[in-house]
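> Below you will find the structure I want to go over with you.
Nothing in this text is a laboratory measurement; each read-out follows from the coordinates by a stated rule. No experiment lies behind these values; they were computed from the predicted model shown. Using ideal geometry, Cβ is built from the backbone for each residue, glycine included, and neighbour counts are taken over all protein chains shown.
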């Protein structure tokens, strides 16, 4: 009635070896993880700093995500790692739509200095984070 | 209706995860169809337009449920659009002209998309025929 454990284990191991997941599944799984992580960061940050004042959680996810993407790309990760962590997790963790809507909303309600600071700050901090990732990879002996 | 019931929270998380799966896949599809830089500009502009519409629709007409909006925006749209790939493309761009072009294309079309979404949401705003309710 029930298959013996060794047969089941062999079948499982066999399927694990031969399994060749579609890039869409790898990226999608990473995307689900990234979206949940971003939601979690948003909850943590907005409970401390109200997002109506300054969209700090979007800056946080964009800078952290850019750093992580820089790290996996510059460290020369393999194709499926790039798909899972780069395109999937980091791609979904960071967001452009929230950033652009929040920037326009700051600007139209008269907080023009904050809007410009947000637009420039996201870019400068994300580029600095990629620079930091580059420095880390450069000094780490592989 | 307790919004913080464990099952409600689990439902929200599940919907965000599904949205993240679908959004990142659509971005992958765009990246396979178009070159690296234009594909990111495209998803960022489209995602900004739809999110702009959703946010201003909430302000003007508010037909869409707020939880649906949160889940769709947080799960799908924010996963469709991306900042990290854009930042990396900017960092690796060859020369100031390419850097400027990538930033101007993403920021310009992203902001223009939000304004387009806002204009679309305003078009849906129709005066209440009864006039009984004021917001």
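> GNM on chain B, C-alpha springs below 10 Å: top fluctuator among B:110, B:95, B:19?
Checking each option, the largest mean-square fluctuation is seen for B:95.
> Could you work out the mean count of beta carbons from other protein chains within 10 Å of each residue's beta carbon in A:101-111?
4
> Further question: Neighbour counts of other C-beta atoms within 10 Å: give me A:107, B:107 arranged from fewest to most.
Going from least to most buried by this count: A:107, B:107.
> In degrees between 0 and 90, to the nearest 10, how far off the longest principal axis of chain A does helix A:112-139 point, with axes built from Cα atoms?
Taking Cα atoms only, the helix is inclined about 40 degrees.
> Working from Cα positions, state the angle (0 to 90°, nearest 10) between the long axis of helix B:36-60 and the longest principal axis of chain B.
It works out to around 20 degrees.
> Jot down the per residue volume, in cubic angstrom and as a whole number, of the convex hull over the alpha-carbon atoms of segment A:52-142.
Roughly 75 Å³ of hull volume per residue.
> Hey, another quick one. So how do A:79-86, A:110-117 stack up, highest first, on mean other-Cβ count within 10 Å?
Ranking the peptides A:79-86, A:110-117 by packing returns A:79-86, A:110-117.
> Can you bin every Cα-Cα distance in segment A:33-94 into 10 Å intervals starting at zero and give me the percent of pairs per bin, rounded to whole numbers?
Answer for segment A:33-94: a P(r) of 25, 46, 22, 8, 0 percent.
> Using all C-alpha to C-alpha distances in segment B:20-84, build P(r) with 5 Å bins and read off the rounded percent in each one.
Calculated over all Cα pairs of segment B:20-84, the distribution is 4, 19, 26, 22, 14, 9, 5, 1 percent.
> Let me ask something additional. With the contact rule set at Cα under 8 Å and sequence spacing of 6 or more, what percent relative contact order holds for chain A?
31 percent
> Take the Cα pairs of segment B:7-124, get the Kirkwood Rh, then feed it into Stokes-Einstein at 10 °C and 1.306 mPa s and tell me D in µm²/s.
105 µm²/s
> A further question follows. In nanometres, what is the gap between the two model label sites at residue B:69 and residue A:111, each 7 Å from Cα along Cα-to-Cβ?
1.8 nm
> Helix A:23-46: angle to the longest alpha-carbon principal axis of chain A, degrees 0 to 90, nearest 10?
Approximately 40 degrees, to the nearest 10.
> Let me ask something additional. In Å³ and rounded to a whole number, note down the convex hull volume per residue for the Cα atoms of the protein assembly as shown.
Hull volume over Cα atoms, normalised by residue count, gives 204 Å³.
> May I ask you to derive the FRET efficiency for residue A:51 and residue B:115 from their Cβ-Cβ distance with R0 = 30 Å, giving the value to the nearest 0.05?
Efficiency, rounded to the nearest 0.05: 0.90.
> If the elastic network links every pair of Cα atoms under 10 Å, which of B:46, B:55, B:103 fluctuates the most in the Gaussian network model of chain B?
Checking each option, the largest mean-square fluctuation is seen for B:103.
> Just report the Cα centroid separation between segment A:19-41 and segment A:65-141, whole Å.
17 Å
> For chain B, with a Gaussian network of springs between Cα atoms less than 10 Å apart, report the residue from B:84, B:48, B:24 with the top mean-square fluctuation.
Most flexible of the set in this elastic network: B:84.
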